[in-house]
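Read the structure below first, then the notes.
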Amino acid sequence: MQRCDFSSVIGIIREYISEGNRVSQPELIYDLFYSFAEKNEDFEFDNGQINRWLKGIAPVSPKISEFYQHKSAPQNLASDIGTSMFSIMYDTAMAAENIYTLVMNDISISEQKRNKLTAGYPEDIAAFIATVIIFAINRKFQKSDVKSLTMGTLSPVTDDMIFDGEVPKPCKHFCGRDTELENLHELLDKNNKVFVHGIAGIGKSEFAKAYASTYQKEYTNILYFNYNNSLQKMISDIDFADDKPSDDETMRFRKHNRFLRSLKDDTLIIVDNFNTTASKETKLDILMKYHCRVIFTTRSYFEIGTAFELAEISDIHTLVSLARKFYSKTENNRDIVVKIIEAVHSHTLAVEMSARLLQKGMLEADELLTALENSSVNPDIADKVGINKDGINIKATYYNHIRTLFSLYLLDEGRQSIMGCMAFVPQTGIRGRMFAKWLELDTMDEINDLVELGFIANPEMDKISLLPMVRDIAIEDLCPSVTGCAILLNSIHQICLRHGEDILYYETLFSVIENIIEIIENDSTAEYLLFLEDTFSYMEKYRYESGMRKAVKAMKVLLSDEAVSTINDRALLLNNQASCEGLLDKNYPKAIVLERKAISLCNANDNLVLAANLNMNLGYLYHYSGDFDNAKIFMEKAMRLLSLSNVITNDIVIMVRNYARLIAGMGEPHNAVEAMKKCAILVKSENTDKCTDYADLIFDIAAISLQVGNTDAAKLYFIKAFDIYREILPQADLTEKAELAAEYLKRVGITNYNFLMLSQNTELPV
């Protein structure tokens, strides 16, 4: 019997989507839950998580299911289905009939409930499907069986192992590359590693996407990844089914690489925007040894592998056709349009931007031609956009054309500010509404204008990013700075200060922070230093290694000038260095030396919480190095300092938990429980009992209660913790917590206890 759950219902809908209307998984879910997305700008429609929903191995987010319990929600969902789903389906009536059959054949649904679910069928099939979906996402979740991967002469199907890597569709204006696509396919048959190189803006990314779309039936798997300065990070960040939140970057890389290495030549991997050199990328040799086929798109020329140059489109008629898609008067001004195309040397992006500019009516065609012919090259920034070999640029002219076009748009101050801030957005994109919220924009109008002008790309769903070439220009010409981007930095800063809150979009947030560190002009050291200190702490919570190391490096540069920093700033830098050495590198002796130096610098009278934090961190380092006596000395000192403070923060909660775990392990479980109960009371009164901090304390109380034989109390505390976790944790974290709780119970002889399926609303004695 097939169960009527979200996976089975959405599976029927996807079955009836026309081949030509296929959309990505995030786009599908975003369109389906459009009303929810409109009211929840900060919610990240993560591809990996969505993949789990579609496969039935994780429940739909509680935020979504709760939203559709409201009175008006069914009507909104029906409207979204009618507008977005039905428009891309080729037989809505048959899809509805199959969903009806699914409901009727599910014996786990009572007759009474079945009648309610089907009451609107077949008169209003949109309302009927909406009702079934709301029922499906709110009923008790049961995990579907995932088909096992089989190894043989072909690669295993990766759908159930890798939950991201879906290839975006090429843009709808892609054209003129049929011969090149055939040539690339022939090359891949002979040489399974091909570097598609060409100047910025020539269309390499779209070309690779078009290849994947054209030849998708010839591969078992096609995986697409955006390069972001490190192959190790790219591979470690892939969302695998068996990843655990506790896995660090090195462990994830090792596991993921082992699997990718097993794939055969019926699998294609696309590494987009591989704009580096062989000498800089230390892991390139590892990818070159993969058995599968790999396409790299790059601005650089590589001696290894097989080079495939993507040159300008030679057919003038194709380029005129491209211009026509953006400029309605192309045919009326064909001769001048041809001259404009020749003036920009048939550069694809320049042709598109020229056409968009003309359509806006900002210049007449002859005026634009004159401006392009009179433009001059800026040699200082030429090497950022051309094909590079040993740092030598050979196509600077193209950059200048785009730069000229950029200046001709005469963007106002507000739109220039948005463009400057957009330079920090990773190539993978960010939700437009979330970014608008970070910039404190009342509407999406200005961002949408920039999308319309072609500066901001909108490749999927509502995600936005800058085209790489436009990003280079924005950085160079707009010089985004700490004061100029103050609103954005403050929004990010405030998110990171809410340390006890968990966010699903933390990888996007941290990628933006990394780009800020790499790009931003520092014109206010005090503000920038505080930003780095607090964002480091938040990245530390998620063990975000690359961001932590970049933040420490930036802080060292700032604090090299003692005139702009305090003693406590320098103490905090040493603490952060110690965190990298201990938490990331497991070099506890070096970390302890750094932490002790930080304590010697810190002025406790100025900041009790900081002093307590440093002492607790030192105790933590001693604990993990096996020196429990020193661990207790410094943790108790931290607790004494905390008793003098009247504040409650996430840092304090972490300190109390670390201290409680230590003394519980040293034979003082009752004292440990009491310390955590006191802290839980403070968290509840100062914050809420529906946050991670409170749930973590309750979870630890449950675990230590088992140590003293109080199994009934332990069960109660575990159940209460999971009531909270289910509302706020992503599925992977939730599953790991459940497995840990089950392991604790197993140690005292209690088995087959699944906290994911239990609920308890009893008030706790905390």
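No lab work stands behind these numbers, since they all come straight from the coordinates. If you're wondering where the values come from, they're calculated on a predicted model, not measured in any experiment. We place every Cβ from the backbone using ideal geometry, glycine too, and count neighbours over all the protein chains shown.
Sites listed here are trypsin sites (Lys or Arg not before Pro) in the range 24-122 whose DSSP assignment is loop and whose Cβ has at most 12 other Cβ atoms within 10 Å: LYS71. Computed 3J(HN,Hα) for the range 595-600, one whole-Hz value per residue from the Karplus formula 6.51 cos²θ - 1.76 cosθ + 1.60 where θ = phi - 60°, is 5, 5, 5, 4, 5, 5, glycine and proline marked x. Full extension of the chain between ALA563 and HIS70 gives 171.8 nm of extra length, using 0.36 nm per residue less the Cα-Cα distance. Once backbone amide H atoms are built at 1.01 Å from N, ALA307 has PHE195 as its partners under 5 Å, excluding neighbours fewer than 5 places away on the same chain.
As a check on your grasp of the helix formula, calculate [θ] at 222 nm for the chain: sum -39500 (n - 2.57) over DSSP H runs of n ≥ 4, divide by the residue count, round to the nearest 500.
-17000 deg cm²/dmol
Stokes-Einstein diffusion of the chain at 25 °C, 0.890 mPa s viscosity, Kirkwood radius from Cα pairs, rounded to a whole number: 85 µm²/s. Near LEU223, the amide H atoms lying under 5 Å from its own belong to LEU268, ILE269, ILE270; only residues 5 or more places off or on other chains count, and H is placed 1.01 Å from N. Here ARG258 and ASP585 are evaluated by their C-beta separation; at R0 = 25 Å the FRET efficiency comes out at 0.65.
Rounded to whole Å, the principal axis extents of the Cα atoms in the range 483-560 read 32, 24, 19, largest first. With r defined as the distance between the Cβ atoms of GLU413 and ASN183 and R0 fixed at 45 Å, what FRET efficiency is calculated, to the nearest 0.05? The computed FRET efficiency comes out at 0.45. Ordered by the number of other Cβ atoms lying within 10 Å of each residue's own Cβ, fewest first, VAL653, VAL564, VAL23 fall into the sequence VAL564, VAL23, VAL653. Where a ≥ b ≥ c are the square roots of the eigenvalues of the C-alpha gyration tensor, would you call the range 568-669 rounded, which needs a/c under 1.5, or, failing that, prolate if a/b is larger than b/c, or oblate? Oblate, since a/c reaches 1.5 and b/c is not below a/b.
Give me THR508, THR688 ranked fewest to most by other Cβ atoms within 10 Å of their Cβ, as a rough exposure proxy.
THR688, THR508
Relative contact order, whole percent, for the chain stands at 8, derived from Cα pairs under 8 Å and 6 or more residues apart. Sparsely packed loop sites in the range 257-323 (the trypsin sites (Lys or Arg not before Pro) outside DSSP H, G, I, E and B with at most 10 other Cβ atoms within 10 Å) comprise LYS280, LYS289.
Annotated for the range 653-766: lysine pairs at least 8 residues apart or interchain, Cα distance under 15 Å, count 7.
Going 7 Å from the Cα of ARG747 toward and past its Cβ, which residues in the range 241-266 have a backbone nitrogen under 20 Å from where you end up? So the set is 245-247. Straight-line cross-link reach from LYS113 at under 20 Å between alpha-carbon atoms covers these lysines, not counting any fewer than eight positions away in the same chain: LYS71, LYS140. Its Kirkwood hydrodynamic radius, worked out from the mean inverse distance over all distinct Cα pairs, puts the range 653-766 at 14.0 Å. Sparsely packed loop sites in the range 65-160 (the GluC sites (Glu not before Pro) outside DSSP H, G, I, E and B with at most 11 other Cβ atoms within 10 Å) comprise GLU123. Between GLN359 and ARG324, the modelled label-to-label distance comes to 1.4 nm, taking each label 7 Å out from Cα in the direction of the beta carbon.
Panel values: the range 676-727, Kirkwood radius from alpha carbon pairs, Stokes-Einstein at 4 °C and 1.567 mPa s, translational diffusion coefficient 120 µm²/s.
Between GLU303 and LYS116, the modelled label-to-label distance comes to 7.2 nm, taking each label 7 Å out from Cα in the direction of the beta carbon. Fully extending the segment from THR250 to ASP442, taken as 0.36 nm per residue of separation minus the present Cα-Cα distance, adds 64.9 nm.
The stretch between TYR219 and LEU740 holds 183.6 nm of extra length on full extension. This uses 0.36 nm per residue minus the Cα-Cα distance.
Approximating the spin labels as points 7 Å out from Cα along Cα→Cβ, the VAL552-to-ASN229 distance works out to 1.6 nm. Note on the range 57-106 and the range 1-36: Cα centroid distance 9 Å, given to the nearest whole angstrom. Sorting the Cα pairs of the range 284-353 by distance into bins of 5 Å, from 0 upward, gives 3, 13, 23, 14, 8, 9, 10, 9, 6, 3, 1 percent per bin. Taken over the Cα atoms of the range 6-138, the convex hull encloses 104 Å³ per residue. Measure out, as a whole number of angstrom, how far apart the alpha-carbon centroids of the range 546-625 and the range 440-477 sit. Here the answer is 38 Å between Cα centres.
For the range 515-620, take the convex hull of the Cα atoms, compute a quarter of its surface area, and give me that in nm², please.
With every direction weighted equally, the projected area is 6.5 nm².
Here r is the Cβ-Cβ distance between GLU527 and SER643 and R0 is 35 Å; the resulting FRET efficiency, rounded to 0.05, is 0.60.
Starting from the Cα coordinates of the range 178-309, work out the convex hull volume and express it per residue in Å³.
107
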